[in-house]
Amino acid sequence: MIEAYALYSGSSGNAYLLRCGKTSVLVDAGRSAAALCRSLRAAGVEPESVSAVLVTHEHRDNVSALRVFSGKYHTPIIGAAPVLAAVCENDGMRSAAKALVPGREFSIGEIAVCGCAAPHDSSANMCYRFRSAGGESFAVATDMGEVTNECEEFLMGVTCAVIEANHDSEMLRLGPYPPGLKARIASRYGHLSNTQCASLAAGLAASGTGGFV
């Protein structure tokens, strides 16, 4: 059985915890190492027991705790090669880094993991799918600018999914942000609108997904 926890989410930092049996993995490590450790312990997980941190992309709200956390607990860092090149600030981080191959499943303890490239304004960006030996599956799909056919196919049929909805298109258009920022958010390398997210969720529900976060 896969247990999933949104430790925190938002512009100040993002971190998700996936746990299956004795295996615990993180998706992203935002905020600070101290905040991350507090959140892990609140979820019943000691920081030193985390098997790996899976990084979606290199933006600060996703990786600001990574250097201190990985350095203290010697936690492996897994992600797309360009992202690892961007986030690994020292030899210790580089030695802990392991590049994944998108679309190729691999195992972390009791959890099977697979990554899929998703469009965003970063060097690369991954959404992740997790599968237990019992067949349960969980997906984390955040910071996507649009839902590509590849992403949609990758996510179809998962038991439960985290999908990020970022904005209402009309409120964004009429809102106070400068034009350049509005264009960035609404672009195919920005973030999903509520409408795009709802369409994806409806498709996943039709494919058998029973839970959404």
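Counting only protein heavy atoms and a 1.4 Å probe, region 68-149 has 42 square angstrom of accessible area per residue. Converting phi to 3J(HN,Hα) with the Karplus coefficients 6.51, -1.76 and 1.60 and the offset θ = phi - 60°, region 139-155 yields 10, 10, 10, 10, 6, 9, x, 7, 8, 6, 4, 5, 5, 4, 5, 4, 8 Hz in sequence order, with x at every glycine or proline.
Taking the square root of 5 times each eigenvalue of the Cα gyration tensor, what semi-axes in Å does the equivalent ellipsoid of the chain have, largest first? Mind dumping the intermediate values first?
On the way: eigenvalues 136, 89, 49 Å².
Gyration-tensor ellipsoid for the chain: 26, 21, 16 Å.
Got the relative contact order for region 66-213 handy, in percent, Cα pairs under 8 Å and 6 or more residues apart? Mind dumping the intermediate values first?
Working: 262 pairs, mean separation 27.3, N = 148.
The value is 18 percent.
Only Cα pairs under 8 Å and at least 6 apart count here; give the relative contact order of region 111-161 as a rounded whole percent. Here the relative contact order equals 35 percent.
Put a dot 7 Å past the Cα of R173, heading toward its Cβ, do the same for R41, and the two dots end up 5.0 nm apart.
Given Cβ point charges of +1 (Lys, Arg) and -1 (Asp, Glu) and nothing else, what value in debye, to the nearest 20, does the dipole of the chain about its Cα centre take?
Numbers: 17 positive and 20 negative charges, 89 e Å.
Dipole of the chain, to the nearest 20 debye: 420 debye.
The values are calculated or read from the model by the stated rules, or taken from the named source; none is laboratory data. Source: prediction; values computed, not measured. So basically every Cβ, Gly included, is an ideal-geometry build from the backbone, and we count neighbours across all protein chains shown. Accessible surface is based on the protein model in full, side chains and every heavy atom, while ligands, DNA and RNA are left aside. Shrake-Rupley method; radii C 1.70, N 1.55, O 1.52, S 1.80 Å.
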